[in-house]
1. On the given criteria, is ASP53 under 22 Å from THR278 (Cβ atoms), acidic (Asp, Glu) and modelled with pLDDT under 95?
2. Being at pLDDT 95 or above, part of a helix (DSSP H, G or I) and either crowded, with 16+ Cβ neighbours inside 10 Å or charged (D, E, K, R) (or both) narrows it down to one residue among GLU41, GLU61, GLU69; which is it?
3. Test LEU195 against the stated conditions and say whether it is aliphatic (A, V, I, L, M), open to solvent by less than 20 Å² (accessible area, probe 1.4 Å) and part of a helix (DSSP H, G or I).
4. Search the stretch 226-265 for residues being modelled with pLDDT under 90, hydroxyl-bearing (Ser, Thr, Tyr) and open to solvent by less than 90 Å² (accessible area, probe 1.4 Å), and hand back the single one that is nearest to HIS179 (Cα to Cα).
5. Testing ASP90 on (1) open to solvent by 50 Å² or more (accessible area, probe 1.4 Å); (2) over 33 Å from the mean Cα position of the chain (by Cα), one condition comes back false. Which one is that?
6. Scanning the stretch 304-330 for residues that are open to solvent by 60 Å² or more (accessible area, probe 1.4 Å) and touching a Phe, Trp or Tyr at 6+ places or on another chain (Cβ under 6 Å), which turns out farthest from SER204 (Cα to Cα)?
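The values are calculated or read from the model by the stated rules, or taken from the named source; none is laboratory data. Since the structure is predicted, the reported quantities are computational estimates derived from the model, not experimental observations. Positions of Cβ are generated from backbone atoms using ideal geometry, with glycine treated the same way; all protein chains shown enter the neighbour counts. The accessibility values were calculated without ligands, DNA or RNA, using every heavy atom of the protein model including side chains. Shrake-Rupley method; radii C 1.70, N 1.55, O 1.52, S 1.80 Å.
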Amino acid sequence: MSTKYPTSDSVGTVLANAVADVVTEERTVLSDEDSRAIVTEAYRNALHSDQRDQFEAALRELRDDTDQESVEGVIDSGVRDIYQALAQDDVRLIVEHAVSVEFDQREVWLYQVIQGRDPGKPDELGFSSDVQSAVEHGVALLSESRFDDALEHFRSAGEQASTTDDAVASKVLSAWTNHLAGRNERALDFAEEALHLHTGSFTSRLVILVADHAVSNQSTPDSLSAKVYLRTQADVASEGDLQVRILNDREERREGSETEFVPIPSLEAETTIEFTLTGELHSFPELSAYYVALGLVDERRGLPRSVEQVFAQGPETANGTEAVRFEREQ
């Protein structure tokens with residue numbers, strides 16, 4: 001959560017930042033005028049004039065990077081009184097926390113292919129015309145499970161590759177096709193070559209992960225797959241609610257309150273994850289941690305089995321934004 005004005009708990013921190021918006025006349029977290037009016041009223045009712053002066057002075061000292069310990073007592077005391085005023089007024093808190101996760105566009109395209117989704121035309125990925133033609137034909141054949149024919153086109157793409165990115169794409173596609181054809185040792189060879197060329201290629205890691213798992217578990221096949229997924233740790237009381245949405249340029253949305261594990265089968269270069277936490281102040285959900293990672297997953301049981309690469313984590317993150325609303329119960 002936002003930590004510009006931290007206190008001893010997440011609700012207190014949200015409230016301190018909301019009051020700071022009112023006091024400083026900034027628009028940092030409060031998302032609408034109704035919320036601003038509710039917080040302003042509670043601030044004025046809970047603290048008398050001298051207390052407000054002390055509270056505002058403490059905020060200024062924090063803004064000037066003064067030692068936090070010298071003013072935290074004033075901030076905490078003021079926030080507790082404002083908290084009580086809002087609680088007595090049956091005010092509900094809504095926090096929308098969003099984080100943007102960026103991926104390489106070529107890696108996204110390869111991930112769509114691996115997940116069996118339409119990756120779209122690779123027109124803007126910088127392939128040469130010959131490599132693009134070979135890759136497109138190979139992917140079309142792969143979707144028909146014509147593995148050997150697809151491999152011929154991916155081999156041709158590799159032979160015509162003039163850049164490292166072209167070579168990586170042809171090797172990842174060859175690796176995945178060999179895995180689907182049951183040739184996991186060969187798949188590992190191609191994927192490891194791709195990873196050697198581009199150590200940041202998460203699709204290379206994905207194929208290594210599933211192919212190595214298949215080789216190691218030949219006698220005991222299971223339902224594990226490899227995906228990007230969201231893992232969340234939260235404490236949600238029965239009166240509270242936590243919803244998650246995963247959005248990208250394709251307008252795909254996955255919504256739900258079962259947020260401990262959410263597979264992400266479709267990506268874009270910029271994928272946004274939104275958490276909406278709702279509840280009365282005394283029962284507000286606690287979003288302790290989350291991360292977006294690549295790993296083996298057991299979707300049937302709804303469990304991740306490994307963490308191979310982490311793309312984002314929070315809620316303390318430089319890529320996160322928050323919007324705060326207060327509503328009176330109707």
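1. Details: under 22 Å from THR278 (Cβ atoms): no; acidic (Asp, Glu): yes; modelled with pLDDT under 95: yes.
Answer is no for this residue.
2. Details: GLU61 fails: at pLDDT 95 or above; GLU69 fails: at pLDDT 95 or above.
Exactly one residue qualifies, and that residue is GLU41.
3. On the way: aliphatic (A, V, I, L, M): yes; open to solvent by less than 20 Å² (accessible area, probe 1.4 Å): no; part of a helix (DSSP H, G or I): yes.
It is false that LEU195 is aliphatic (A, V, I, L, M), open to solvent by less than 20 Å² (accessible area, probe 1.4 Å) and part of a helix (DSSP H, G or I).
4. Only one residue tops the list, namely THR259.
5. Answer for ASP90: the failing condition is (2).
6. Going through the qualifying residues, I end up with GLN313.
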